[in-house]
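*Asks:* Can you keep this structure in mind? I'll have questions shortly.
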Amino acid sequence: MPIERTKLIQQIERIAPPERALDWDNTGIQISVGGPEIKRVLVALDVTEEIIREARALNADFIVAHHPLIFNKLRKIDCAGVVGGQIIELIRAGISVYAAHTSFDVVYGGNNDYLCEVLELQKIRRVLPEEEGAGEILGKIGNLKREMRLAEVCDLLRERLNISRRLPAVGDPGARILKVGLCTGGGGEQIEAFAANGCSLYITGDVRHHEALLAEERGICLIDAGHFDTEWLFVKNFAEKLKAAVGDVAEVYESKHGKDPFIYI
């Protein structure tokens, strides 16, 4: 038995309220196509050619992705372009797309809370802004179950996130860590906020050179665990929540084809 499109979107937005998304984001419906009812939903981190093929093989008529397909300004939809070609392909296939991006990053039980759970952090709390009235800061703060060295936390991340490569880090490998801040995806621009909140370590991805230098100057340890590796958990987390909400009327699938676009040579 399918679910009405409007009811499906209502359930998605109960999980990730669009009004919680940050101003710069493009959270919400990206492509609305096909009939008024949805039978199969594919949950994925990104919308790529591989994910579109997976959706078509499943006869899915709706994709919920974390990262928006339409993010930067589009001046035209051209089949020769990557995004334009994907939009045309999705429309032809009758597959709608919804992006639950920062709307899911900020909520209780979202990406950041889930990573805290995976790392078994305790006393989870939000990040307090440096100035009163400042906007919401993505991420969470928690305590390790016991004090650990920076090198041990790197090992913990590799184990829990199934990372086989070495992790770029800032700080003394023997530094003692208890209070940890984290932001899934790319959060290098928030180092000052986590330092001001008294964190001895900040875990995020996509850290730039000057941000690493800032962490060093501020005396806060830093681990760049990668954008993909800190966010691929979205698929399992969001799919479980959506199955609980609509699983009796629509089929919800977890994508099996998300991958880090980088290789490490």
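*Asks:* Which angle from 0 to 90°, rounded to the nearest 10, does the C-alpha axis of helix 209-218 make with the longest principal axis of the chain?
*Replies:* So the helix axis and the longest Cα principal axis differ by about 40 degrees.
*Asks:* Hey, what angle do you get for helix 82-93 against the long axis of the chain, alpha-carbon based, 0 to 90 degrees rounded to 10?
*Replies:* So the helix axis and the longest Cα principal axis differ by about 40 degrees.
*Asks:* With r as the distance between the Cβ atoms of residue 134 and residue 11 and R0 = 41 Å, compute the FRET efficiency 1/(1 + (r/R0)^6) and round to 0.05.
*Replies:* Once rounded, the FRET efficiency stands at 0.80.
*Asks:* If you don't mind, another one. Relative to the longest principal axis of the C-alpha atoms of the chain, give the angle of the C-alpha long axis of helix 150-161, reported between 0 and 90° and rounded to the nearest 10°.
*Replies:* 20
*Asks:* Against the empirical 2.2 N^0.38 Å scaling, what ratio does the C-alpha Rg of the range 149-251 come to?
*Replies:* Against the compact-globule rule of thumb, the ratio is 1.24.
*Asks:* For the range 155-265, what is the percent of antiparallel DSSP beta bridges, rounded to the nearest 5? Intermediate values should be presented prior to the final figure.
*Replies:* Working: 2 of 10 bridges.
For the range 155-265, the DSSP antiparallel bridge percentage is about 20.
*Asks:* While we're on this one: What is the sum of charges around residue 103, taking Lys and Arg as +1, Asp and Glu as -1, for the other residues whose C-beta is under 10 Å from the C-beta of residue 103?
*Replies:* -3
*Asks:* Next question. How high is the relative contact order of the range 3-101, in percent, counting Cα pairs under 8 Å that sit 6 or more residues apart?
*Replies:* Numbers: 150 pairs, mean separation 35.6, N = 99.
Worked out over the range 3-101, it gives 36 percent.
*Asks:* How big is the gap, in Å, between the Cα center of the range 205-265 and the Cα center of the range 73-127?
*Replies:* Taking the Cα centre of each part, the range 205-265 and the range 73-127 sit 10 Å apart.
*Asks:* In sequence order, what are the phi-derived ³J(HN,Hα) couplings for the range 245-259 according to the Karplus relation 6.51 cos²θ - 1.76 cosθ + 1.60 with θ = phi - 60°, rounded to whole Hz, with x for glycine and proline?
*Replies:* Working through the residues one at a time gives 8, 10, x, 7, 10, 9, 8, 10, 10, 8, 4, 9, 10, x, 7 Hz.
*Asks:* With the cut-off at 29 Å, tell me which of the pairs 76/241; 140/243; 39/236; 145/241; 73/179; 140/236 have Cα atoms farther apart than that.
*Replies:* Values: 76/241 35 Å; 140/243 25 Å; 39/236 19 Å; 145/241 27 Å; 73/179 39 Å; 140/236 20 Å.
Among 76/241; 140/243; 39/236; 145/241; 73/179; 140/236, the Cα-Cα distance tops 29 Å for 76/241; 73/179.
*Asks:* Going by the alpha-carbon gyration tensor, a ≥ b ≥ c the square roots of its eigenvalues, is the range 89-185 rounded (a/c under 1.5) or, if a/c is not under 1.5, prolate (a/b greater than b/c) versus oblate?
*Replies:* Numbers: a/c = 2.47, a/b = 1.48, b/c = 1.68.
Taking the square roots of the gyration eigenvalues as a ≥ b ≥ c, the range 89-185 is oblate.
*Asks:* Here is a further query. Under 1.5 on a/c is rounded, so check that first for the range 3-101, then, if it is not, pick prolate when a/b is larger than b/c and oblate when it is not; a ≥ b ≥ c are the square roots of the alpha carbon gyration tensor eigenvalues.
*Replies:* oblate
*Asks:* Compute the Cα gyration tensor for the range 18-63, then decide on rounded, prolate or oblate, letting a ≥ b ≥ c be the square roots of its eigenvalues: rounded whenever a/c is under 1.5, prolate when a/b is larger than b/c in the other cases, and oblate in all that remain.
*Replies:* It comes out oblate by the Cα gyration axes.
*Asks:* Among 168-181, 194-207, 93-106, 75-88, how do they line up from the highest to the lowest mean number of other beta-carbon atoms within 10 Å?
*Replies:* Details: 168-181: 17.4, 194-207: 21.9, 93-106: 23.4, 75-88: 12.8.
Top to bottom by mean Cβ count within 10 Å: 93-106, 194-207, 168-181, 75-88.
*Asks:* Give the percent of DSSP beta bridges with both residues in the chain that are antiparallel, rounded to the nearest 5. Before the final figure, lay out each step's value.
*Replies:* Values: 15 of 35 bridges.
Given both bridge residues lie in the chain, the antiparallel proportion sits at roughly 45 percent.
*Asks:* Evaluate the relative contact order of the range 131-207 (contact order divided by residue number), counting alpha-carbon pairs under 8 angstrom at least 6 apart; express in whole percent.
*Replies:* Numbers: 95 pairs, mean separation 26.3, N = 77.
About 34 percent, as a whole number.
None of the figures in this text is laboratory data; all of them are computed from the coordinates on show. Computed from a prediction, not measured in an experiment: that's the story for all the values here. Virtual Cβ from ideal backbone geometry, glycine too; neighbours counted across all protein chains shown.
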